[in-house]
Each structure stands twice: as C-alpha cells, then as structure tokens.
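The structure appears right after this line, and notes come after that.
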Amino acid sequence: MELTELTGNPRHDHLITLIAEHGYMNIEDLAQILDVSTQTVRRDIRKLSELGLISRHHGGAGRPSSVMNTAFEQREISYTNEKIAIARNIAEYIPDGCTLFMTIGTTVEHVARALEVRKNLRVITNSLRAAHILYKHTSFEVMVPGGTIRPHNGGIIGPSAVSFVEGFRADYLITSMGAIENDGSILEFDVNEAAIVKAMIAHSRHMLLAADHTKYHASAAVEIGNVNQATALFTDEMPPVQLASYLKQQQVEIHVSPPEK
C-alpha cells in the first residue's frame, strides 16, 4: 500500500509521507509545509498517532517506531539467541578488574548475565534489572544512581542520575541503542534515557556497542552519538555495506557473533 492511500485525507496522507521521509518533524515545520495552523497540526498528529500511523513527540511527530519499536516485554524475548551470542562475545572482550558503565536494554541485560565469567569488576548502571543480575557476584562492586525509575524497563533517569554518572571515569561503556543509521548516527527512543547515555559516553575510555541486526533497519528520534566514538561494535550480522565501510574507515572493530542453532 502506498503511503498516499493510507487515510483518504490528502493533508493527513501528506503529513504521514513527510514523517516517513524525514523520521521526525516539528510542529512548526509541518504547519508551514501543510499551510495550516499549528493547532491543526497538533490535532492531526493526535488523531494519526491514535491510529498508530505516526508517533507523538513533545513539539513534533515521528515514525511509529521512533518512540518505542516494541514493548520492552516483547523485546525481552525477541532475537534472544542473537543477543546471547553478542553478550558472550562482549563478556570475553572485557578484562577482569575494570570499571564499566552499563545502560538500559534487553541486550545489556544478557551481557550482565554473561559477565559471570569475569572477576573484580566495578559496574555503574542505571538499569535496576541489570543491577539485580550483577549484585549477586561477590567479586563485583555494583553501583546505581538515584533518580526516577521507569516502570516499563527499570531504568533510572533524571538530573541526579546524570550527575552521579559524571563523577566516574569508566574503562568501558557497554550500551545498546534504538537504531544505527548508515551515516553512523546512534539513536535512542527516549530523551531522558538518552541524557544518561550521553554522559556515559563522555566519561568512558572505550564504548562497546551491542546491536543485533534489527538495529540497522529501525528508526528512533533522539541522537546520542556516532559510531566513530566507539571502539567496537558487537553484532550478529555484518552491518549494511555503507555502514560497514564507515566503521572500517573510522577504525571501529566489528565483532560478528552468529547465534547458535
């Protein structure tokens, strides 16, 4: 089905087409292009988001997958073998006796489980779920910031959490993401969660990216950095040609771990 055939309303179809092409647009730009008031655009966005055709953001709209591509519980059981393979590869890469930042995400939780092979780690994480996995290891020191807990994924966010992270310098940051674009942009779904990831990137010596192949084709609205800041990408399939070429150009290691059959 063509996008122009989705609703039968020319303005709504045009709005959906613009979002599909750009990924995200603010209300003012949409109003100017569609030649209507910002109030009309807000009403259109509200209606189309209720139909699941776009997603609402503060001040704009994005593709349906730009806020959260699937529920956390669904992502928890999606591509599990791929995530386990990636996690084991990262755990083998990490040396004993280092300091880690770990972000929120189902793949990162698999890394937390795989780290049982390591010793004497200090882990700073804003994921209560990862912390719950890690704290049982007697040779690990696990630290979590204060802040607001997200009910859907156990993530801790807020200014105090960012300030806490900024008090450390980690040897490695282990992070997943919402999407990676061909130009190397690393994207996330949530502005508040992205703020902590940015702080972790700024205070890490090495960034290790954990991304299953779906991240190459996903869409998210918030840019947190670029793969050129990473030391290595851990994945289950080689990235698309353009992205793979860019990673090689930026001297970012690519570690491919196919899932076990």
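The values are calculated or read from the model by the stated rules, or taken from the named source; none is laboratory data. All values reported here derive from a predicted model rather than from experimental measurement. Every residue, glycine among them, receives a Cβ derived from its backbone with ideal geometry; neighbour counts consider all protein chains shown. SASA here: full protein model, heavy atoms, side chains in, ligands and nucleic acids out. Shrake-Rupley method; radii C 1.70, N 1.55, O 1.52, S 1.80 Å.
Tell me, please, whether a residue that is more than 18 Å from the chain's Cα centre (by Cα) and assigned to a loop (DSSP other than H, G, I, E, B) can be found in region 178-196.
No: region 178-196 contains no residue that is more than 18 Å from the chain's Cα centre (by Cα) and assigned to a loop (DSSP other than H, G, I, E, B).
Could you list, in sequence order, all residues of region 113-130 that are touching a helix residue (DSSP H, G or I) at 6+ places or on another chain (Cβ under 7 Å), part of a loop (DSSP other than H, G, I, E, B) and open to solvent by 10 Å² or more (accessible area, probe 1.4 Å)?
Going through region 113-130, the residues touching a helix residue (DSSP H, G or I) at 6+ places or on another chain (Cβ under 7 Å) turn out to be 113-115, 117-118, 121, 123-127, 129-130.
From what is left, the residues that are part of a loop (DSSP other than H, G, I, E, B) are 118, 121, 126.
R118, the sole residue that qualifies.
Are any residues in region 165-177 assigned to a loop (DSSP other than H, G, I, E, B) and either open to solvent by 40 Å² or more (accessible area, probe 1.4 Å) or farther than 13 Å from V197 by Cα (or both), and if so, which ones?
E166, G167, F168, R169
Of the residues in region 96-112, how many are open to solvent by 10 Å² or more (accessible area, probe 1.4 Å), within 23 Å of G167 (Cβ to Cβ) and free of Cβ contacts under 8 Å to residues at least 40 places away in the same chain?
Of the residues in that region, 1 qualify.
Among the numbered criteria (1) within 18 Å of M207 (Cα to Cα); (2) open to solvent by less than 50 Å² (accessible area, probe 1.4 Å), which single criterion is violated by I133?
For I133, the exception is condition (1).
Determine which single condition E223 fails, assuming it passes every other condition in (1) touching a helix residue (DSSP H, G or I) at 6+ places or on another chain (Cβ under 6 Å); (2) part of a strand (DSSP E or B).
(1)
Can you find a residue in region 149-156 that is of a type outside the set (K, R), farther than 29 Å from P259 by Cβ, part of a strand (DSSP E or B) and more than 12 Å from the chain's Cα centre (by Cα)?
yes
Which of the residues belonging to region 182-208 are closer than 18 Å to V256 by Cα and either out of contact with any helix residue (DSSP H, G or I) (no Cβ under 7 Å at 6 or more places or on another chain) or open to solvent by 20 Å² or more (accessible area, probe 1.4 Å) (or both)?
Within region 182-208, N182 is the sole residue that qualifies.
Does A61 satisfy the condition of being at pLDDT 95 or above and either outside any helix (DSSP H, G or I) or buried (at least 18 other Cβ atoms within 10 Å of the Cβ) (or both)?
no
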